[in-house]
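Single-structure report; data block below.
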Amino acid sequence: MSKAVVLGGYGTIGSACMRALMAAGYAVAGAGRSAWAARRVVPEADWVIRDIAAVG
């Protein structure tokens with residue numbers, strides 16, 4: 001199974017990409033800052049909750 005990570009996965013474009021990838025058979029993980037928003041928008045995905053601007 002192919003894998004994908006989508007940054008900003010609970011945004012308008014990111015959530016559409018995540019759903020399309022999952023429908024195509026990918027194992028998808030989303031990355032975003034808000035656990036609440038992530039699980040509300042695409043609850044069936046795996047999530048990594050991080051603020052990538054603060055990493056480094």
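Values quoted throughout were computed directly from the atomic coordinates according to the rules given, and no laboratory measurement underlies them. Keep in mind the model is a prediction, meaning the values are calculated, not measured. Please note: Cβ atoms are built from the backbone with ideal geometry, for glycine as well, and neighbour counts cover all protein chains shown.
Remarks
- Within the range 46-55, tally of residues that are surrounded by 12 or more Cβ atoms within 10 Å (Cβ to Cβ) and more than 18 Å from Ala20 (Cα to Cα): 4
- Among residues of the range 35-45, those that are surrounded by 14 or more Cβ atoms within 10 Å (Cβ to Cβ) and either touching a strand residue (DSSP E or B) at 6+ places or on another chain (Cβ under 8 Å) or farther than 12 Å from Gly9 by Cα (or both), counted: 4
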